[in-house]
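The values are calculated or read from the model by the stated rules, or taken from the named source; none is laboratory data. Computed from a predicted structure; not experimentally measured. All Cβ positions, glycine included, derive from the backbone under ideal geometry; neighbour counts span all protein chains shown. Accessible surface areas use protein heavy atoms only, side chains included; no ligands, DNA or RNA. Shrake-Rupley method; radii C 1.70, N 1.55, O 1.52, S 1.80 Å.
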Amino acid sequence: MSSTNFTAILGSDKGTIGVVDSTVNPRLDGWLCPYNHDKFTSIRFKFTLQGEHNGDRSYHISAAEGWAYAGALVQTSLSGWVGLYGIGVVGRLVDYVLAANSRGPDPRWRIRTLTEWDGDLKTLENVEFHLLDRHGQAMSIESYRHESISPSGEIGKRATVSISYADYVSVNKEAQSKKIRFKLRDIRSA
């Protein structure tokens, strides 16, 4: 069995990696997060081989299921947060136009194996690896501070600011000491 194209659940030493699916706040939806996020949704990812270089395999990684997510590519924001891009109909059209014009960030992710692998999908579930972006930075988990403002409802009284923290996947330089060690589960040829 070849390792060209396959789907899998992305497991890690931090638990299963999925996406935020808030159903009410589209600004939060689609960001990659560990299972302990309060809006966590498990997702199957599709890996499409793009090439090999110095023993690393490069893949486009996209969501393999769910109407809102299927086909959306895993990419990074300008500040290093990792999420699904091309969510919903409008997002898919924007991604299609950007890809056709070779604009936007390179969506390839390199698999850097940490244990031996013979390249066969049958043995891939036993392999630990890092996922590296185009700059060679590995995915990690970082805490993000959310602030929300609630009006008091009374004239002259200040609004209340609420602060909460949630963990998300990132490729920030500062977090490279917290690299995620991935293992794939439920691998299927695609």
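In percent, rounded to a whole number, the relative contact order of the chain is 24, using alpha-carbon pairs under 8 Å and six or more apart. To the nearest ten degrees, helix 88-100 and the longest principal axis of the Cα atoms of the chain are 50 degrees apart.
Between G66 and any residue 5 or more places off or on another chain, the built amide H atoms are never under 5 Å apart.
Taking a ≥ b ≥ c as the square roots of the eigenvalues of the Cα gyration tensor, region 119-178 is classed as prolate, since a/c reaches at least 1.5 and a/b is larger than b/c. The listed residues L28, L78, L131 rank as L78, L28, L131 when sorted by accessible area, largest first, using a 1.4 Å probe. Computed from the C-beta positions of R185 and Q50, the FRET efficiency with R₀ = 25 Å rounds to 0.65.
Take 174-180, 118-124, 31-37 and order them by the average number of nearby Cβ atoms within 10 Å per residue, most first; the result is 31-37, 174-180, 118-124. A 1.4 Å probe run over the chain, with the rest of the protein chains in place, finds 57 Å² accessible per residue.
Accessible area of the chain with a 1.4 Å probe: how many percent of it is carbon plus sulfur?
50 percent
By the rule of a C-alpha distance below 17 Å, with chain neighbours fewer than 8 residues away ignored, the lysines paired with K178 are K14.
Shape class for region 1-46, computed from the alpha carbon gyration tensor (a ≥ b ≥ c): oblate, with a/c not under 1.5 and a/b at or below b/c.
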